[in-house]
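Notes follow once the structure below has been shown.
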Amino acid sequence: MAVAGGVKIQACTPHIMPGVYNNSGPQIRQAVASLQAALDQEAIPLRLITGADNHLVPDMVSGLKSGHLLSLADTRYLLVEPPHHVAPARLVDMLFNVMVSGYHPIITHPERFGWIRSHYHLIEQLAQGGAWMQITASSLTGAFGREPQYWAQRMLSEGMVHILASDAHDTRRRPPNLLAGFEAAAKLIGDKEAVHLVLTRPLSILKNQISTSAPAPVASAFQTELMDEMQSVGAGQRAVPPSGQSYGSRRDDNGASGKSGWLDRMRRLVSGKS
């Protein structure tokens, strides 16, 4: 199914979450090798790479260095999944420590976080500081509902999305659908930027290039009709912050402003100038 959708290289990224998904780096490597052998035997032209959806834990760097956690294809880039329902305390500090250690975090499906409405400024600050954002194809197509679709479209339009992923789990409820997501993204931001989401930046990951060597996301004019249509989501609540509120002027749980010094430090890290 992935190959039929135009995919040639696919990252295998099971969850690693202590006590819930007790996967480990060595187990994932073995499983990926086994599946690759089966694909090769059936002449299915799909190259697999190793990785994991690493749930946010305090000792991420030690987990990566020990091999328990996995980066994508053993590069500097790793998927990081914060908690879904509650914005974690000291999120910025934890990811900054990951970057100081030479790794580059990619935040997975932020558009589906239950706390994105009240803490959108954190997503903005992380993106401004150099962390990459990965959204899910099914969010763009509306398969997860109106609110994740709104935030996915908004983040794309505001130039904060770096990667589009299928986040496939099976062949029915969560199938490989990257082509559908690509088409939805192209309608919103154009073909060129959509190609960067699924090809240019993923290839820069495989080459282990510094993030600033890849094209930066380009913001598009936010669609007025989308704002009007998505003004209310869920149980009659507004998806957009109240009028007059400035995202950039808000402060996170650590009291860090979007214009504070850690932003500059994170930018220097991702540019390789630190």
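The values are calculated or read from the model by the stated rules, or taken from the named source; none is laboratory data. Not measured: the values here are computed from a predicted model. Cβ placement follows ideal geometry from the backbone for every residue including glycine, while neighbour counts extend to all protein chains displayed.
Listing for the model above:
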| read-out | value |
| --- | --- |
| Yes/no for A143 being outside any strand (DSSP E or B), buried (at least 19 other Cβ atoms within 10 Å of the Cβ) and at negative phi | no |
| Helices (runs of 4 or more DSSP H) completely within the range 18-108 that count 2 or more residues being surrounded by fewer than 13 Cβ atoms within 10 Å (Cβ to Cβ), at pLDDT 95 or above and not aliphatic (A, V, I, L, M) | 25-41, 60-66 |
| The range 114-137: number of residues that are of a type in the set (S, T, N, Q) and either over 14 Å from the mean Cα position of the chain (by Cα) or modelled with pLDDT under 95 (or both) | 3 |
| Filter result for the condition that a residue is at pLDDT 95 or above, more than 27 Å from V92 (Cβ to Cβ) and buried (at least 17 other Cβ atoms within 10 Å of the Cβ), over A152, A184 | A184 |
| Those residues of the range 57-111 which are on the phi > 0 side of the Ramachandran plot, among the small types (G, A, S) and touching a residue at least 40 places away in the same chain (Cβ under 8 Å), in sequence order | G67, A73 |
| Pairs, first under 9 Å from V161 (Cα atoms) in the range 209-220, second exposed (fewer than 14 other Cβ atoms within 10 Å of the Cβ), C-beta under 8 Å, six or more apart | none |
| Which numbered condition A184 misses (of (1) part of a helix (DSSP H, G or I); (2) without any contact (Cβ under 8 Å) to a residue 12 or more places away in the chain; (3) of a type outside the set (S, T, Y)) | (2) |
